[in-house]
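The values are calculated or read from the model by the stated rules, or taken from the named source; none is laboratory data. Note that the structure is predicted; figures quoted are calculated from it, not measured. Positions of Cβ are generated from backbone atoms using ideal geometry, with glycine treated the same way; all protein chains shown enter the neighbour counts. Areas reflect the complete protein model, heavy atoms only, side chains present, ligands, DNA and RNA absent. Shrake-Rupley method; radii C 1.70, N 1.55, O 1.52, S 1.80 Å.
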Amino acid sequence: MRIAPSLLAANFAKLGKEVARVDSSGADWLHLDIMDGNFVPNISFGPAVVKTLRPLTSKFFDVHLMCAKPDVLLEPFVKAGADQIAVHVELGSAVTALLWRIKSLGVKVGLVVNPPTPIEQVRPYLDKIDHLLVMTVNPGFGGQSFIYETLPKVQRAFTWRQSRGLSYTIGVDGGVDFKTAVDCAGAGADTFISGTSLFGQHSLRGGVRKMRKLVKAASCLPANQSVLPA
Ligand code: DX5
Ligand code: ZN
């Protein structure tokens, strides 16, 4: 089980302090949302900001690229300290080359699928990735409500991983709070990206501990064993 606070929900006026807070929170990853104002209708931050944050923590930097042309950004983010880079399957014919390029740069390879996109679209890439990220809101903004219709995709990703003997992690991103995280864990998710909910806690450390405890318990529920047709 991995808990990954999303920096998008941090106070940008004191980013360094916020990263230090994540560093001492017991979280596993720091999720970094990169938005280009084109693939999604919002802009966040770029490699220069990530580079300034890198010396502040040894946490795993999970870079989520919501960008129409991520190819030009891969090397800059690796140089800035990314440990993993995830690109969207909605980029279609560009995806294969992007995954190879990320791997060749020596970092972990992630693939993301948006709520309206059928999960079948990620299937050809499953043996080429380290991380599959199921968007549980439409990307672009923090603080949105979890879309429950995405949960069967998590179950499907879990079943495919088992039946093909693969080992990619299965993440959920968007509207993940203490309740929806439990539902995701029951469906087979093992990596929980949470912005608004975790950063909204008085104690981030307490929030991470609580979420970890809840999802650990939920992952043992029979729902986790449910098998959909592969
Ligand atoms: C949404 C981003 C998410 C976002 C999640 O476009 O990809 O990572 O930060 O934030 P919350 O937990 O607030 O939904
Ligand atoms: Zn994200």
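Couple of notes before you dig in:
- Placing +1 on the Cβ of every Lys and Arg and -1 on the Cβ of every Asp and Glu, with nothing else charged, gives segment 87-135 a dipole about its Cα centre of roughly 180 debye.
- Table column - 3J(HN,Hα) (Hz), segment 67-74, Karplus curve with 6.51, -1.76, 1.60, x for Gly and Pro: 9, 6, 10, x, 4, 6, 9, 4
- Rolling a 1.4 angstrom probe over the protein heavy atoms with all chains in place gives segment 98-225 an accessible area of 43 Å² per residue.
- Positive-end extreme of charge dipole, segment 150-208 - chosen from Ala181, Ala157, His202 (charges on Cβ): Ala157
- Gyration tensor verdict on segment 25-171 (Cα atoms; rounded if a/c is under 1.5, prolate if a/b is larger than b/c, oblate otherwise): rounded
- Residue-span extension gain [Ala68 to Glu120] - 0.36 nm each, minus C-alpha spacing: 16.6 nm
- Proximal charge balance of His64 [Cβ under 11 Å; K/R count +1, D/E count -1]: -3
- Couplings 3J(HN,Hα) of segment 21-33, computed from phi: 5, 5, 4, 9, 8, x, 5, 8, 10, 10, 8, 10, 8 Hz, in residue order, whole Hz [Karplus 6.51 cos²θ - 1.76 cosθ + 1.60, θ = phi - 60°; x for Gly and Pro].
- In this calculation the C-beta distance from Lys14 to Glu75 is compared with R0 = 25 Å, giving a FRET efficiency of 0.30.
- Accessible surface of segment 101-162, 1.4 Å probe, proportion on carbon and sulfur as whole %: 49
- Here's the picture: charge each Lys and Arg Cβ at +1 and each Asp and Glu Cβ at -1 in the chain, and of Gln121, Pro41, Leu8 the one pushed furthest to the positive end of that dipole is Leu8.
- The simple spin-label model puts a point 7 Å past each Cα toward its Cβ; for Lys213 and Thr52 those points are separated by 3.7 nm.
- Computed over neighbours whose Cβ is under 15 Å from that of Thr117, the net charge equals -1, Lys and Arg +1, Asp and Glu -1.
- Our summary gives segment 85-177 a relative contact order of 27 percent, counting only alpha carbon pairs under 8 angstrom and 6 or more residues apart.
- Mean-position separation - Cα centroids, segment 17-48 and segment 90-157, in angstrom: 18
- Among beta bridges that DSSP assigns inside the chain, antiparallel share in %, nearest 5: 5
- For segment 15-84, the solvent-accessible area works out to 42 Å² per residue, with a probe of 1.4 Å and every protein chain left in place.
- Taken about its Cα centre, the chain carries a charge dipole of roughly 620 debye when the Cβ of each Lys and Arg holds +1 and the Cβ of each Asp and Glu holds -1.
- Residue with peak Gaussian network fluctuation, the chain [Cα springs, cutoff 10 Å], from Ala82, Ala68, Ala157: Ala68
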